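The values are calculated or read from the model by the stated rules, or taken from the named source; none is laboratory data. Just so it is clear, the model here is predicted, and its values are computed rather than measured. Positions of Cβ are backbone-derived with ideal geometry, glycine not excepted, and every protein chain shown enters the neighbour counts.
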Amino acid sequence: MDIDLEKIRKFFAADRFACQQAGVVIDAAAEDAVQCSMALTKQHLNAGGGVQGGAIFTLADLAFAVHANLPLFLGAEAGITVGQSCSISYLARPQGTRLIARSTCLARGKTISVFRIEIHDDLGNFVAEMRGNGVTTRKRI
């Protein structure tokens, strides 16, 4: 089934923090993977001059949200999926000017789903890995 990327982008544009303030962009969405990215600016830096961990997490979290809710954009009669728990491991300091998050689904049930999100910089450095567990609610969009 075809995925309407513009429809997904329009829906998630309402995420004021991730998309409007942090600058996360939804690059691609398919059933097997979702990719989001974020150009790094001075607003993403912490006091030590590195990329703020919360900025990296925000990018990973949006990739997780898009992937977890993809069934809604494929016509499924399901509620919205929200994060139940997430854990992130920071592996290396980003060296590039852009971060790229790629989400893959590890398991998807009727109400519980699990995703792995890898974050790399645009130079190929493996920056962080997040595991996101989602729970599907009864609320529909």
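Out of the residues in region 108-141 that are on the phi < 0 side of the Ramachandran plot and loosely packed, with under 12 Cβ neighbours inside 10 Å, state the one that is modelled with the lowest pLDDT.
Per the stated criteria, the residue is ILE141.
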Exercise. VAL114 fails exactly one of the following numbered conditions: (1) aliphatic (A, V, I, L, M); (2) closer than 15 Å to ALA28 by Cβ; (3) assigned to a strand (DSSP E or B). What is the number of that condition?
Worked result: (2)
Exercise. Checking CYS105 against (1) exposed (fewer than 15 other Cβ atoms within 10 Å of the Cβ); (2) touching a Ser or Thr at 6+ places or on another chain (Cβ under 9 Å), which single condition isn't satisfied?
Worked result: (1)
Exercise. For residues in region 14-65 being under 13 Å from the mean Cα position of the chain (by Cα) and part of a loop (DSSP other than H, G, I, E, B), which is nearest to TYR90 (Cα to Cα)?
Worked result: ALA22
Exercise. Within the set of pairs 6 or more residues apart or between chains, which connect a residue that is touching a residue at least 60 places away in the same chain (Cβ under 8 Å) inside region 108-120 to a residue that is of a type in the set (Val, Ile, Thr) and part of a strand (DSSP E or B) with Cβ atoms less than 9 Å apart?
Worked result: ILE119/ILE88; ILE119/ILE100; ILE119/VAL127
Exercise. In region 21-52, which residues are over 18 Å from VAL66 (Cα atoms), of a type in the set (A, V, I, L, M, F, W, C), in contact (Cβ under 8 Å) with a residue 24 or more places away in the chain and out of contact with any Leu (no Cβ under 8 Å at 6 or more places or on another chain)?
Worked result: ALA39
For this session: Determine if region 74-85 includes at least one residue that is among the charged types (D, E, K, R), under 23 Å from LYS7 (Cβ atoms) and not in a strand (DSSP E or B).
Result: yes
For this session: Evaluate the following for ALA18: is it closer than 24 Å to THR136 by Cβ and either surrounded by 18 or more Cβ atoms within 10 Å (Cβ to Cβ) or in contact (Cβ under 8 Å) with a residue 24 or more places away in the chain (or both)?
Result: yes
Seminar exercise, completed: Checked against (1) assigned to a loop (DSSP other than H, G, I, E, B); (2) among the polar types (S, T, N, Q); (3) touching a residue at least 60 places away in the same chain (Cβ under 8 Å), GLN95 satisfies every condition except (3)
